[in-house]
Amino acid sequence: MPLDLPLHLKDKIFEIKYDSDETISKIVSYFPFNELEKQEIVSILDDDAFDGFHSIFSNTVSDEKWNRTKDQIKKKFNDELFDIDSV
């Protein structure tokens, strides 16, 4: 079952991993979610115990900076992933 998230959250997610029973086991974002974003996702999941939040980068960015640079960040990250395969 795909997770129906609002665009402002979906846009920050790199990957969602599911267990064999189709429950979400891990949500990987580009940068760490803030507490309000985590609470919003937990509420949507209807699972107060969910703690499978992970991020690719450890530093935090403001929503303003994310919105300004997200396309560049995503492109650079994807380009670098593809470069790994060719090495």
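Which residues, taken from segment 29-63, are among the hydrophobic types (A, V, I, L, M, F, W, C) and either touching a Gly at 6+ places or on another chain (Cβ under 9 Å) or in a loop (DSSP other than H, G, I, E, B) (or both)?
Kept after step one, since they are among the hydrophobic types (A, V, I, L, M, F, W, C), are these residues of segment 29-63: 31, 33, 36, 41-42, 44-45, 49-50, 53, 56-57, 61.
Of everything in segment 29-63, those that are among the hydrophobic types (A, V, I, L, M, F, W, C) and either touching a Gly at 6+ places or on another chain (Cβ under 9 Å) or in a loop (DSSP other than H, G, I, E, B) (or both) turn out to be 31, 33, 49, 50, 56, 57, 61.
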**Study point:** All positions within segment 51-80 that are at pLDDT below 95 and among the aromatic types (Phe, Trp, Tyr)
**Key:** 57, 66, 77
Revision key, fill the gap. With the first residue restricted to segment 43-65 and required to be under 19 Å from residue 11 (Cβ atoms), and the second required to be surrounded by fewer than 10 Cβ atoms within 10 Å (Cβ to Cβ), Cβ contacts under 9 Å at 6 or more apart or on different chains are 44/4
Review point. Quick one: in segment 1-39, which of the residues that are more than 26 Å from residue 72 (Cα to Cα) and of a type in the set (Asp, Glu) is least open to solvent (accessible area, probe 1.4 Å)?
Key: 19
Practice item. Those residues that are among the small types (Gly, Ala, Ser) and under 14 Å from the mean Cα position of the chain (by Cα), I need them from segment 18-70; list them, please. Key: 25, 29, 52, 55, 58
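The values are calculated or read from the model by the stated rules, or taken from the named source; none is laboratory data. Only a predicted model underlies this, so the values are computations on that prediction, with no experimental measurement involved. With ideal geometry, Cβ positions are generated from the backbone for all residues, glycine too; neighbour counts draw on all protein chains shown. Note: areas computed on protein heavy atoms with side chains; ligands, DNA, RNA excluded. Shrake-Rupley method; radii C 1.70, N 1.55, O 1.52, S 1.80 Å.
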